[in-house]
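Chemist: Before I ask anything, here is the structure I am working with.
Readers should treat all values here as calculations from the given coordinates under stated rules, not as data from a laboratory. Predicted model only: the values in this text are computed from it and were never measured. Note: ideal-geometry Cβ built from the backbone for every residue, glycine included; neighbour counts use all protein chains shown.
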Amino acid sequence: MAKFLQLIGTIKRTLFRKVRTETILKIYNTLIVPTLLYGSENWTLTASQRRRIEVAEMELLRPLAGYTLHDHKTNDFIRRELKITGTLDKIDEYRLNWHLHLQRTPQHRIPLKSYHYRPQGRRTIGRPKKRCREEL
């Protein structure tokens, strides 16, 4: 997340008013989004983490579309206008692709064993930890 925000800040400082919007969107889609999504297949995101990702994404897209927070444009409206898929949607798509890949793998492979692993012993008191298989 920190690297994602750093890359967004770099684009805003160096390229924002000097380069066309289409070029910035290409840089965003080819460099910045894959940096954020690396390893996202196994993330267990809480609601606050999902909100932080969306806020970080809109930090670049909202001014790129020419809006401020005071214009009261929804995030979906801005994404449709810029013709961009949301980062959270991409995370869900990556997670689904990973799950389908796991279903195709043979039973002896380590990723499938770790996916179905259940630890032995007693659990701690309180709410159970969220696991990636519960996110599907």
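Chemist: What percent do you get for the relative contact order of the chain when only Cα pairs under 8 Å and 6+ apart count?
Modeler: 27 percent
Chemist: Rounded to the nearest 0.05, what FRET efficiency do residue 90 and residue 12 give with R0 = 22 Å and r taken as the Cβ-Cβ distance? Could you check?
Modeler: The computed FRET efficiency comes out at 0.55.
Chemist: With labels modelled as points extended 7 Å from the Cα through the Cβ direction, what inter-label distance (nm, one decimal) is found for residue 76 paired with residue 116?
Modeler: 3.8 nm
Chemist: Let me know the Rg and Dmax you get for the chain when you use only its Cα atoms, in Å.
Modeler: Values for the chain (Cα only, Rg and Dmax): 18.5, 59 Å.
Chemist: Mean-square fluctuation check for the chain, GNM, Cα pairs under 10 Å: which of 100, 36, 64 is largest?
Modeler: The residue with the greatest mean-square fluctuation here is 100.
Chemist: Taking only pairs that are 8 or more places apart or on different chains, how many Lys pairs in segment 2-116 have Cα atoms under 30 angstrom apart?
Modeler: Lysine pairs meeting both conditions in segment 2-116 amount to 20.
Chemist: So, R0 is 25 Å and r is the distance between the beta-carbons of residue 67 and residue 130; what FRET efficiency does that work out to, to 0.05?
Modeler: Here the calculated transfer efficiency is 0.15.
Chemist: Before rounding to the nearest 500, sum -39500 (n - 2.57) across all DSSP H runs of length at least 4 in the chain and divide by the residue total; then give [θ] at 222 nm in deg cm²/dmol.
Modeler: -17000 deg cm²/dmol
Chemist: Same structure, new question: Among the aspartates and glutamates, select those whose C-alpha is under 19 Å from the C-alpha of residue 129, and discard any that sit fewer than 8 residues away in the same chain.
Modeler: Of all the aspartates and glutamates, those that pass the test against residue 129 - Cα under 19 Å, at least 8 places apart if same chain - are 41.
Chemist: Which of the chymotrypsin sites (Phe, Trp or Tyr not before Pro) across segment 61-136 are loop residues per DSSP, with 11 or fewer other Cβ within 10 Å?
Modeler: The qualifying sites are 117.
Chemist: Another question, then. Pop the C-beta distance of residue 5 and residue 47 into the FRET formula with R0 = 30 Å and round what comes out to the nearest 0.05.
Modeler: E(calc), rounded to 0.05, equals 0.95.
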